[in-house]
Amino acid sequence: MSGAGTEPPVACEAASGGGGKKRDSLGTASSAHLIIKDLGEIQSRLLDHRPVIQGETRYFVKEFEEKRGLRELRVLENLKNMIHETSEHTLPQCRDGMESNLKEVLQRLQAANDCVHRLQQREQERRKMYNDHLVASEKQRGLQWEELMKEQPRHQAEVDEEHQRALQRLREHYAEMEKDLSKFSTF
């Protein structure tokens, strides 16, 4: 197992460790105590895996940090290269292109602005002429209406007079016809 150092002495070795003393077979309290202690160590080695798990965890964390560090280092290196390329190549090209095309764009924009300004002036002049024409037409229609209203009684009088003459002619004509008819009714 990883993380294992020197192993503690086994119960037999611990018990026989001292000089020429003869070991009692499970009869003495100190030997029982040593056996219980050895059994506890054996149980701890068999069932308690914390040192192994801690060692594996430390190994995993170390490997993960190394790989992550390398990955982050590669990402940072790529960013550095990209920034260098952008600042050394792309940015100057963009600046040169912008400076060369900006004057042309400004000239075109000024020309378009002047064209729009002329169109607006023409439209304003056209609207002014149209409004002036409408005002003049309204005045002319008002004068014509007033003149028509002034002439209307005269025309009405002429029409009434003509009507009266026509009515008079018809009365005279029917009166003659009645006379003529009365001549023929005497037969």
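Quick note: the coordinates plus some simple rules give every number you see, no bench work behind them. Keep in mind the model is a prediction, meaning the values are calculated, not measured. With ideal geometry, Cβ positions are generated from the backbone for all residues, glycine too; neighbour counts draw on all protein chains shown.
Brief remarks on what is shown
- FRET efficiency for A175 and Q140, using Cβ-Cβ distance with R0 set to 35 Å, rounded to 0.05: 0.10
- Using R0 = 45 Å, the C-beta based FRET efficiency linking K128 and N101 works out to 0.65.
- Normalising the Debye intensity of the stretch 55-107 to I(0), with uniform scatterers on Cα atoms only, and taking log10 at q = 0.14, 0.20, 0.21, 0.25 Å⁻¹ returns -0.58, -0.76, -0.79, -0.88.
- Partner lysines for K37 [C-alpha distance under 26 Å; skip if fewer than 8 residues away on the same chain]: K21, K22
- Separation in nanometres of the label points that stand 7 Å from Cα toward Cβ, at E77 and A166: 11.6
- Reach of K128 by Cα under 30 Å, taken over lysines that are not fewer than 8 positions away in the same chain: K139
- Remark on the stretch 56-187: Rg and Dmax equal 50.9, 158 Å (Cα only).
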